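Remarks on the structure that follows.
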Amino acid sequence: MEWLDTSTENCSVQRTLDVIGEKWTMVVLREAFNGVRRFDDMQRHIGMSESVLADRLRKLVAAGILRSQPYREEGRRSRNEYRLTDKGMDLLPVLIALLQWGDRHLADGDGPAMVVRERVSGNPVHAVVRPVTDEGLTARETVGTVGPGARALTR
């Protein structure tokens, strides 16, 4: 059977994009991977509207990619932090592949704004297609660091 003779109804790419394919979703996940957990911090750092951010967070929680965890600061109302689940952590290779492609094809001359490194060795990591027998690193074994092309926030 050839590809054009197959149904795409059960395509995993389509199913994945139904969950993470909306504009801003991967940017929200980038923030979560970099330890930004609170709504106000995300909104301020990304610069997206509150309603869009609330919608993306709600959908990511419903999909089991993020989980909300209540917190309360002294004298303030209870709010939620958003933390990656194991299902969310499994999206790290997708995020790294997007980052890597953007660095290769869209970055300016200053270099990347973020470099993802292995926590222990400090070596940069990248996404590759490899045989399934090679385990690779998990999201918890990596850390995003500021790259040479990063610029200070000017808001």
Meets criteria (more than 20 Å from residue 79 (Cβ to Cβ), at pLDDT below 95 and outside the structural domain of residue 99 (by TED's automatic domain parsing)) for residue 30:
no
Which condition breaks for residue 41 when tested against (1) free of Cβ contacts under 8 Å to residues at least 12 places away in the same chain; (2) assigned to a strand (DSSP E or B); (3) closer than 25 Å to residue 145 by Cβ?
(2)
Within segment 54-84, the count of residues that are of a type in the set (Ser, Thr, Tyr) and either exposed (fewer than 15 other Cβ atoms within 10 Å of the Cβ) or part of a helix (DSSP H, G or I) (or both) comes to 2
Residue check, residue 38 modelled with pLDDT of 95 or more and farther than 15 Å from residue 20 by Cα
yes
What pairs can you find where one residue is in segment 75-87 and among the hydroxyl-bearing types (Ser, Thr, Tyr), the other is modelled with pLDDT of 95 or more, and their Cβ atoms are less than 6 Å apart, with a gap of 6+ or different chains?
82/37; 82/57; 82/66; 82/68; 85/64; 85/67
Residue 145 - would you say it is hydroxyl-bearing (Ser, Thr, Tyr), in a loop (DSSP other than H, G, I, E, B) and either out of contact with any helix residue (DSSP H, G or I) (no Cβ under 8 Å at 6 or more places or on another chain) or within 21 Å of residue 16 (Cα to Cα) (or both)?
no
Within the group 91, 153, which residue is at negative phi, in contact (Cβ under 8 Å) with a residue 60 or more places away in the chain and surrounded by 15 or more Cβ atoms within 10 Å (Cβ to Cβ)?
91
Between a first residue in segment 98-109 that is within 21 Å of residue 33 (Cα to Cα) and without any contact (Cβ under 8 Å) to a residue 40 or more places away in the chain and a second residue that is surrounded by fewer than 10 Cβ atoms within 10 Å (Cβ to Cβ) and of a type in the set (Gly, Ala, Ser), which pairs have beta carbons less than 7 Å apart while being 6 or more apart in sequence or on different chains?
none
Residues being surrounded by 10 or more Cβ atoms within 10 Å (Cβ to Cβ) and modelled with pLDDT under 90: count how many of those fall in segment 114-144.
10
With criteria (1) within 14 Å of the chain's Cα centre (by Cα); (2) at pLDDT 95 or above, residue 23 comes up short on (2)
Given the conditions (1) under 15 Å from the mean Cα position of the chain (by Cα); (2) within 30 Å of residue 76 (Cα to Cα); (3) part of a loop (DSSP other than H, G, I, E, B), report the number of the one that residue 48 does not fulfil.
(1)
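The values are calculated or read from the model by the stated rules, or taken from the named source; none is laboratory data. Keep in mind it's a predicted model, so treat the numbers as computed, not measured. Cβ sites come from the backbone with ideal geometry, for glycine too, and all protein chains shown count toward neighbours.
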